[in-house]
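The values are calculated or read from the model by the stated rules, or taken from the named source; none is laboratory data. Just so you know, these numbers come straight off a predicted model, no measurement behind them. Backbone-built Cβ (ideal geometry, glycine too); neighbour counts: all protein chains shown.
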Amino acid sequence: MLDISAWFNDLLAGNLIFTPTTLGYYWEGLVMTTQLVFLSLVAGLVLAVPLAIMRSSKHKWISLPIYFYTYIFRGTPLLIQLYIIYYGVVFIDGIQETFFWPILREAFYPALIAFTLNTAAYTTEIFRGAIKATSKGEIEAARAYGMSQSLMMRRIIMPSAFRRALPAYGNEVIFMLHASAIASVVTLMDLTGAARFVYARFYAPFDAFLFVAAIYLCLTFAILYFFRFLEKKLLAHLRPQNT
Amino acid sequence: MLDLQGYGPRLIEGAGVTIQLAVLSLILAIILGLLTATAKMSRNWFLRRTATVYTTVIRGVPDLVLMMLLFFGGQIGVNAISDMLYYNYEIDIYINFNAFAAGVITIGFIFGAYMGETFRGAFMAVDNGQIEAGKAYGMSNALVFRRIRFPQMMRHALPGLSNNWMVLLKTTALVSVIGLTDMVRVAAEASRATHEPFAFLLPVAAVYLLIASVSEWIFVRLQKRYDIGFGGQ
Amino acid sequence: MKKLLTLSVLGLAIAAASSAQARDYDNVRIGVDVPYEPMEYRTADGELTGFDIDLGNALCERMSVTCEWVEQEWDGIIPGLMSRNYDAIISSMTINDERREQVLFSDPYITMPSAWFAPSGLNISEANEETLKGKTIGVQRGTLQDNYVTDNFNSVANISRYSTADDMVLDMEAQRLDIVFLDFPIGQSTLLESEEAEYVVVGERISEPKEYFGDGFGIAFRQRDEALAEKFNKALAELQEDGTYDEIFARYFGEEE
């Protein structure tokens, strides 16, 4: 027992890399990553619900533009979307004089916009699939009750679509967490940014990146279990009934 | 209309890098995926465990972090081995860990984990009766695999495979961050130099869309081929 | 049986690999991080040029070896040397103790101070904790400027780290950065001579303390390649002797100094 604690002390004492300062960077990185991912997911979700309903519309002129949007954002790398927004906004004439500039000037907001638009595109398609999969019987029953289209959407289709979308949405959340690692490319000090800094300063790739990989792994598992828990609660009626 | 200001040839070269990288890493990923799926279904406890750890860890960590780890760390790992050999045995070996090979290995290694899951599900979906029927005909295990399990497995694996390929294609863009000159890197460099980001980034985005559309078309054809005999269900 | 197989495969691999090793350095590959004008950059048609490039080529000519330039981002430039993607680094690398632990340096071939650059509208005359408070400072990741700024101003200012100097200049022009800290000649050619906006040098050029700013730029080699370093040192001395060095210097920095 004594051996172990002595060994641990040695480990920290002889360690040039994991000092309070660098651990501070990792902590700030964790906060940045969490903020970025959480905010873009929330905003993406808010956007995706109406978009998915429009995407499911029978009218081509409503559904087609949404299809283009999701096709483009799902068909190109997020990195390019980020570059276009980050570098692109700068070259809009006179933007530096508008009141948007203090916001767009920070790397955080262009990144947030890119991430939001990207996750909204994926989420729209997930919801659309779930809406499409609504059973005919449920819709007919609602019609028989004389429900209007919007009431039916609100009361019947969306609640069940949300539940059906849950597993796929859980994957999207994990995907977004992993995709957020590119934020460091536009100078944001997220988790990966912290690891790159530590690597560049100490030439220690294993220490820098293994540590951050472990943090991501923990976050991934946390999300995974959270969604499993949600599924258990919300999809209880779909589970096979065993005693 | 499309003014590439002299960056045209380099962009095309970059597109070549992107496509080669994507195709080669897809091949590697499929091989690794088949191995992983086989290991996961094997009776050997150790193989099953190794495969599970591989797929779980790889799928739990961002591609970019894995890339940096394997790319930067791989170099140092190779150095450690060659230095050890040099100092202990005076063997001076030269291992060229070039950026492109590192990119292929890294992406292939990452997507091997995803492919493993796809193939495992697909193998499980093949009706056992068919395999037994093959054996009853006196087919060898290899023949059963080639004639029965593989083609039927592919039918179930294709949607997942196509999905993984689309993600893999987009993942190749990340190699630009670790220093490989693919088309994204050339485009980013050109937009900085000319101050016209749209002129380069939009065409490159269009190339990605084009590759995605072409591969979608190919996958639909493939699916039709493998669906023969199933009434196109 | 399996062990034997593995061993023989490993043996084969080593045999195959070692045969590719050039022992007497007829062929030297040099790692460089581009662009870093005027030290190393590309002309529009893609040709490598710059002080380091010309000096490197002159050195190779003097040593009668063929040289090949290998581009490598700054982040991975030392690991790339170690793993023999190239045999030397000529890329504005400052000689300092931290790096001496990793690589073997040639004699310094040029000394370059660092300096603060800002848009003329920033209106500060000296960079210190007070004037930099709340400002956003740009540096290139993993450079000595990064270390210096991080250690001295991290608590008062925001630090944005970039992979290339070009990224940084672009964000400076976009007004995302208030001030950058760079090797002086790089700032001079990319910022002071820029047509996009007006920039000024803030305060004195900085080359102290030595802990950060080291002893000038050197060519880096793997620790064990002492013979190669000697060869370069000898050639460098000859170039400085016969005026070739001064000629290259004048090509990029004029007649000053």
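Please list, ordered by residue number, the helices (runs of 4 or more DSSP H) wholly in the stretch B:1-79 having 1 or more residues that are loosely packed, with under 15 Cβ neighbours inside 10 Å.
Because the criterion is at least 1 residues that are loosely packed, with under 15 Cβ neighbours inside 10 Å, the helices (runs of 4 or more DSSP H) in the stretch B:1-79 that meet it are B:8-41, B:45-60.
If A:L217 meets every condition in (1) at pLDDT below 95; (2) part of a helix (DSSP H, G or I) apart from one, which number is that one?
(1)
When the stretch C:189-211 is examined, which residues are found to be at pLDDT 85 or above, closer than 18 Å to C:L144 by Cα and of a type outside the set (K, R)?
The answer is C:E204, C:I206.
Restricting to the stretch A:77-125, and then to whatever is part of a helix (DSSP H, G or I) and among the charged types (D, E, K, R), can you tell me which residue is surrounded by the most Cβ atoms within 10 Å (Cβ to Cβ)? Steps first, please.
Within the stretch A:77-125, the subset part of a helix (DSSP H, G or I) is A:78-91, A:95-97, A:101-105, A:108-125.
The next check asks that each one be among the charged types (D, E, K, R); those that pass are A:97, A:105, A:125.
On the way: A:E97: 8, A:R105: 20, A:E125: 22.
Filtering the stretch A:77-125 for residues that are part of a helix (DSSP H, G or I) and among the charged types (D, E, K, R), the one surrounded by the most Cβ atoms within 10 Å (Cβ to Cβ) comes out as A:E125.
Does A:G146 fit the bill of being more than 9 Å from every other protein chain (Cβ to nearest Cβ), within 29 Å of A:P77 (Cβ to Cβ) and of a type outside the set (K, R)?
no
List every residue pair whose Cβ atoms lie under 9 Å apart, where the two residues are 6 or more positions apart in sequence or sit on different chains, the first residue falls within the stretch B:72-90 and is under 18 Å from A:V198 (Cβ atoms), and the second residue, located anywhere, is assigned to a helix (DSSP H, G or I) and acidic (D, E).
Final answer for the pair search is B:F72/C:D75.
Right, A:V37: surrounded by fewer than 17 Cβ atoms within 10 Å (Cβ to Cβ) and modelled with pLDDT of 95 or more or not?
Judged against the criteria, A:V37 is not a match.
Would you point out which residue out of B:L174, B:L168, B:L143 is without any contact (Cβ under 8 Å) to a residue 40 or more places away in the chain and of a type in the set (A, V, I, L, M, F, W, C)?
After ruling out the rest, the residue left standing is B:L143.
If A:L234 satisfies every condition in (1) among the hydrophobic types (A, V, I, L, M, F, W, C); (2) within 14 Å of another protein chain (Cβ to nearest Cβ); (3) more than 19 Å from A:L30 (Cα to Cα) but one, which is the exception?
Status for A:L234: all satisfied but (2).
With (1) within 14 Å of another protein chain (Cβ to nearest Cβ); (2) crowded, with 18+ Cβ neighbours inside 10 Å as the list, and C:D151 as the residue in question, which single condition is left unmet?
Answer for C:D151: the failing condition is (2).
List pairs: first in the stretch B:182-199 and under 14 Å from A:L82 (Cβ atoms), second among the charged types (D, E, K, R) and assigned to a helix (DSSP H, G or I), Cβ under 9 Å, 6+ apart or cross-chain?
B:A188/C:D167
Where in the stretch C:1-94 are there helices (runs of 4 or more DSSP H), lying fully within it, with 3 or more residues that are of a type in the set (D, E, K, R), at pLDDT 90 or above and assigned by TED's automatic domain parsing to the domain that holds C:G243?
C:51-63
With the requirement that a residue be more than 24 Å from A:L177 (Cβ to Cβ) and of a type in the set (F, W, Y), what does the stretch B:42-70 give you?
Across the stretch B:42-70, the qualifying residues are B:W45, B:F46.
Of all the helices (runs of 4 or more DSSP H) wholly in the stretch B:136-233, which have at least 1 residues that are surrounded by 22 or more Cβ atoms within 10 Å (Cβ to Cβ) and out of contact with any strand residue (DSSP E or B) (no Cβ under 6 Å at 6 or more places or on another chain)?
B:150-171, B:183-194, B:197-226
I'd like the full set of residues that are within 22 Å of the chain's Cα centre (by Cα) and within 14 Å of chain A (Cβ to nearest Cβ), limited to the stretch C:178-202.
Taking the stretch C:178-202 and keeping what is within 22 Å of the chain's Cα centre (by Cα), we get C:179-194, C:201.
Correct list: C:V180 only.
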